[in-house]
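In what follows, a single structure is set out as C-alpha cells and then discussed.
The values are calculated or read from the model by the stated rules, or taken from the named source; none is laboratory data. Since this is a predicted model, take the numbers as computed values, not measurements. Because the Cβ atoms are built from the backbone with ideal geometry, glycine has one as well, and the counts that use them run over all protein chains shown.
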Number of protein chains: 2
Amino acid sequence: MPDKSDLKKAGLKTTVPRLKILRLLEESSQRHMTAEDVYRQLLDADEDIGLATVYRVLTQFEGAGLVIRHHFEGGSSVFELNEGKHHDHMVCVECGEVFEFFDPRIEERQNQVAAESDFCIDDHSLYLYGVCKGMKKNGKCSKKTV
Amino acid sequence: MPDKSDLKKAGLKTTVPRLKILRLLEESSQRHMTAEDVYRQLLDADEDIGLATVYRVLTQFEGAGLVIRHHFEGGSSVFELNEGKHHDHMVCVECGEVFEFFDPRIEERQNQVAAESDFCIDDHSLYLYGVCKGMKKNGKCSKKTV
DNA sequence: ACTATTTTGATTCTCATTATGATTTCTGGA
DNA sequence: TCCAGAAATCATAATGAGAATCAAAATAGT
Ligand SMILES: [Zn+2]
Ligand SMILES: [Zn+2]
Ligand SMILES: [Zn+2]
Ligand SMILES: [Zn+2]
C-alpha cells in the first residue's frame with residue numbers, strides 16, 4: 001500500500017530499504033515492534049537490510065512523523081506506524097501484549113494540569129502496566145490500582 | 001535524618017553505603033536523580049562508594065519500596081525517594097527540571113479505562129513533556145497540546 | 001573477638017543503539 | 001548515455017547504561 005509518495009511527503013528520498021520497512025510496518029500483523037522485530041521480519045522475508053539501517057530508518061521515520069517511538073518498561077524502544085490518531089497504551093506484563101486506548105477526559109485533564117503550572121505541553125506518554133484479561137488465572141483482579 | 005531503622009524496616013541490613021545513599025536521597029537538593037547523579041554527588045562529598053554499588057543499592061531500594069524508578073524520555077533511569085504519595089511528572093525539555101503533580105480525575109479514569117478492558121492495572125506512568133514557565137521565550141504557548 | 005554470612009567495589013560483560021568508513025546507488029547535467 | 005558529486009547503505013566498531021563476577025571487606029550474632 002505505501003509508496004514513494006508517502007516518503008516524499010515526509011521529505012525523505014525514495015530508497016528500497018525505506019520502502020521495505022514502511023511496507024512492513026503497514027502489513028505486519030504486529031503493530032508495536034522493536035527495531036529487532038522489524039529486522040527479523042525482514043530477514044524472514046529474505047530482504048537483505050542491515051540492522052543499523054533499520055535503526056537509522058526508524059529514527060528518520062520518527063523525525064518525519066511517520067512512526068511513533070515508545071519506551072515501555074523494561075528495555076527496548078517500540079515503534080508503531082503513526083496513523084494520526086493519538087492513543088495511549090496498556091501493556092500486559094505477563095504476555096507482553098499491547099492494548100491501545102484513548103480517553104478524552106484524561107487528555108483534557110492533562111492540558112488543564114499543565115495550564116495550571118504555566119507548562120507548555122508538547123508531548124506526553126501514558127502507559128498502564130498490568131495483567132490482561134487472557135492472562136488472569138482467577139477471574140479477580142488482586143493487585144491494587146496505584 | 002534516615003537511620004538504621006529505615007533500612008531494617010525495608011528488610012535490608014545496615015551498611016555504610018546504603019545509609020549514605022539513603023541520606024543523600026533525602027538531603028540532596030535534587031529530588032529526581034540518575035544513578036550517575038547519585039554517584040557524582042557521593043564523590044563530591046568524598047564518599048568512596050563504587051558506581052556498581054550505587055546501581056545495586058538503588059535497585060534494592062526500589063525492590064524494597066524505598067525509592068521509585070522512572071524512565072523519562074531519552075535514556076537513563078531516574079530515581080526518587082518514595083514518600084508514599086503517588087504523583088506524576090512534567091519534564092521540561094529545555095532546562096530538564098521536573099515538576100510533580102497529582103490529578104485524582106486522571107487516576108480515576110485510568111482505573112475506569114482498565115476496568116472496561118478487564119485489564120488489571122498494577123502500575124502506570126504518566127509523563128508530560130514540554131517547556132516550563134521559566135523557559136518560555138515569549139509568554140505564549142506555541143506548541144499544540146497533543 | 002570469632003566465624004558464618006552478606007555486602008562491597010573494581011572490573012568485566014552484555015546488549016541496545018549509534019557512529020564510522022568504505023562501498024553502492026541516485027541524480028542531474030553534458 | 002556517461003560521469004561526477006551527493007546521498008544512502010552495509011558491515012563493523014564504538015558507545016553507554018546497567019548487570020554479573022569475584023576476591024576482599026564489613027556485618028551480626030555468639
Ligand atoms: Zn494520551
Ligand atoms: Zn499504539
Ligand atoms: Zn498517576
Ligand atoms: Zn517525583
Qualifying positions in region A:59-72 - touching a residue at least 12 places away in the same chain (Cβ under 8 Å) and surrounded by 13 or more Cβ atoms within 10 Å (Cβ to Cβ): A:Gln60, A:Phe61, A:Glu62, A:Ala64, A:Leu66, A:Val67, A:Ile68, A:His70, A:His71, A:Phe72
Per-region count, region A:76-93, residues more than 10 Å from chain B (Cβ to nearest Cβ) and part of a loop (DSSP other than H, G, I, E, B): 7
Test: B:Gln41 is without any contact (Cβ under 8 Å) to a residue 24 or more places away in the chain, among the polar types (S, T, N, Q) and crowded, with 17+ Cβ neighbours inside 10 Å: yes
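Condition check: at positive phi and within 9 Å of chain B (Cβ to nearest Cβ). Does A:Asp118 satisfy that? Full working, then the answer.
Details: at positive phi: yes; within 9 Å of chain B (Cβ to nearest Cβ): yes.
Yes.
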Filter pass, B:Val113 being within 12 Å of the chain's Cα centre (by Cα) and either within 16 Å of DNA strand C (Cβ to nearest atom) or modelled with pLDDT of 95 or more (or both): no
Residue count, region B:94-114 (criterion: part of a helix (DSSP H, G or I) and either surrounded by fewer than 17 Cβ atoms within 10 Å (Cβ to Cβ) or facing another protein chain (nearest Cβ under 7 Å) (or both)): 10
Residue within region B:117-128 that is in a helix (DSSP H, G or I), among the β-branched types (Val, Ile, Thr) and touching a strand residue (DSSP E or B) at 6+ places or on another chain (Cβ under 8 Å) present: no
Filter result (polar (S, T, N, Q) and either over 20 Å from A:Tyr127 (Cβ atoms) or at pLDDT below 95 (or both)) within region A:34-72: A:Gln41, A:Thr53, A:Thr59, A:Gln60
Among (1) within 27 Å of A:Ser29 (Cα to Cα); (2) in contact with a helix residue (DSSP H, G or I) (Cβ under 7 Å, 6 or more places away or on another chain) - the single one A:Glu83 does not satisfy: (2)
Residue list for region A:43-61, filter: part of a helix (DSSP H, G or I), more than 9 Å from DNA strand D (Cβ to nearest atom) and either of a type in the set (A, V, I, L, M, F, W, C) or in the same structural domain as A:Glu97 (by TED's automatic domain parsing) (or both): A:Leu43, A:Leu58, A:Phe61
The listed residue being within 7 Å of chain B (Cβ to nearest Cβ) and either more than 16 Å from ligand 3 (Cβ to nearest atom) or surrounded by 17 or more Cβ atoms within 10 Å (Cβ to Cβ) (or both), out of A:Lys133, A:Lys140: A:Lys133
Test: residue in region B:45-60 that is under 12 Å from the mean Cα position of the chain (by Cα) and within 16 Å of ligand 3 (Cβ to nearest atom): no
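Residue under question is A:Arg56, and the condition is that it be surrounded by 13 or more Cβ atoms within 10 Å (Cβ to Cβ), within 16 Å of ligand 2 (Cβ to nearest atom) and basic (Lys, Arg); does it hold?
Here the answer is no, as A:Arg56 does not meet what is asked.
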Lone qualifier among A:Leu81, A:Leu128 - being touching a residue at least 24 places away in the same chain (Cβ under 8 Å) and within 16 Å of ligand 3 (Cβ to nearest atom): A:Leu128
